[in-house]
Amino acid sequence: MVKLQTKDETELISRMVQGDQAALSQLYDRYARVMYSLAFKMLGSAEEAEEVVLDVFAKAWRTAARYDASRSRVDSWLFLMTRSRSLDRLRQRQRQSKVVEAATNTAQVSSSDLPDDALLITERRTIVAEALAELPEEQRIVIELAYYKGFSQSEIAKQTGLALGTVKTRIRLGLRKLKQALGSD
Amino acid sequence: MPFDSLSTSDPHPDWHDLLAGYALGNLSPEEQATLQQILTDQPELQAEVQAYEETLALVPYALAPQPLPPGLEDALITAAQTAPKSHSSQRRPQTRQHPRQRWYQWATAAAVLIATIVGTDNYRLRQQQTRLQTQIQTTQNKLKTSEQELAQAQADAEANPAENSFEQVIDILRQPNALVYSLQGTGDAATSSGSLLTLPNHSEVQLVSHNLPVLPADKVYRLWSVATEQDSPMFCGQFNNTEVGNVQWTVPDALCNAKPVKVIITIDAVIDPPVPKGPAVLTGNI
């Protein structure tokens, strides 16, 4: 994971704590597109994705002082909040509609995107896309159903027709390979 | 402890599944409780959880990048300017708070929430406002264009009245059933002449004259039609002439254009009643 680290991001957070809006803009320029893509992927709504990104950055701005660099990277922190809020909205929809979306429209992860303006993001995209591409498809699908759709392991088993034990095994093996590929071991 | 290491001290047969599921956030309440107990017993496993959370947090990088909506950053900066910030990175010791302090904290939290909601709402309202302004601008542009075209047409008509009237005359003459009366001056207007043009079942008549003077403001020309030799003249409108000798007006009765055998134009006072009284200046037969 060392190869994906940057030093200046904790400095950005420190500047945000001091009320430096330029630091907020810098963080936005770097990560907003990935966050928006994540929210859009999960929610399928441009309007809701905008609201999620706005909400997450507003929270990051307000609570920058509570950011703990020893617990998570800055991008992980932002992406985690983005996913959490998107999942909240997905679950709210499910509560409202009482309908669980079919799992057949599994998330597709592309590794052939156009290069981002930011070299840093492009580099990270390449690394992560390659790591995901190395996963066996059956492992990648269950991880993506859990990650993007917020399905529980039981829901994944029900939607895919797999045994619950198989779902758990695939998630475990897939995550292990992903962690190794991304250098977290 | 390595993730897949097997030892007799494994805390739970499925602890690695639980860790992975926890990182994804898709454990059942019972599984969460089991994992919580494991983590309490073996806190060093927290590092494994963190490593998996960090790994999963990178997954969005692989997504196809979506273009950011315009105005989002401005909305964020606006919201940041209005939202208060938390400057403390240290968790405060749990001390008994005065009710007023608690009230203040709740009020602050509510203010933050309201600021965020208002910021988001303002952003969406601005988006709607922008769309509406665009529509209004488009409509205004179309209206302005139409107004300019109308003004130009009016200006052209005013600048070239003869041409305008000429075209109207031509239009009438192109009709196969056009009625054309040749007018000859009589009395003091013996040198005057002209043509009266109209169409059956048409309410407008067109006069093209020569040497027919423009009358003072208190005088008018009146047109009278004589349906048959036995009928009295019928009032068919009044007008003043123009410098170019072309004038158009609307007749008050459809019978005026019912192919009368004779037409007469007289000069009358504006205040005169509509009866044939004034001297004839032009007459014509079909």
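The numbers here are math on the coordinates, done by the rules we state, and not lab data. As the structure is a computational prediction, the values presented were derived from the model and not from experiment. Quick reminder, even Gly has a Cβ in these numbers, built from the backbone with ideal geometry, and neighbours come from all protein chains shown.
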Next item on the list: Counting residues in the range B:220-286 as N, plug N into 2.2 N^0.38 Å and put the Cα Rg over that result.
Entry: 1.06
Notebook entry, point to check: Can you give me the Cα centroid spacing of the range A:23-65 and the range B:248-286 in angstrom?
Noted result: 82 Å
Next item on the list: Would you mind computing, in nm to one decimal, how far apart the modelled labels at B:THR82 and B:ASN211 are, each placed 7 Å from Cα along Cα→Cβ?
Entry: 8.3 nm
Note to self: Quick check: pseudo-label points 7 Å beyond the Cα along Cα→Cβ at B:LEU255 and A:SER14, how many nm apart are they?
What the structure shows: 10.4 nm
Margin query: Taking every alpha carbon pair in the range B:171-286, what does the distance histogram look like in 10 angstrom bins from 0, in percent?
Written below: 15, 51, 31, 3
Notebook entry, point to check: Whole-Hz Karplus ³J(HN,Hα) for the range A:13-22, in order, using 6.51 cos²θ - 1.76 cosθ + 1.60 and θ = phi - 60°, x for Gly and Pro?
Noted result: 4, 4, 5, 5, 4, 7, x, 7, 5, 5
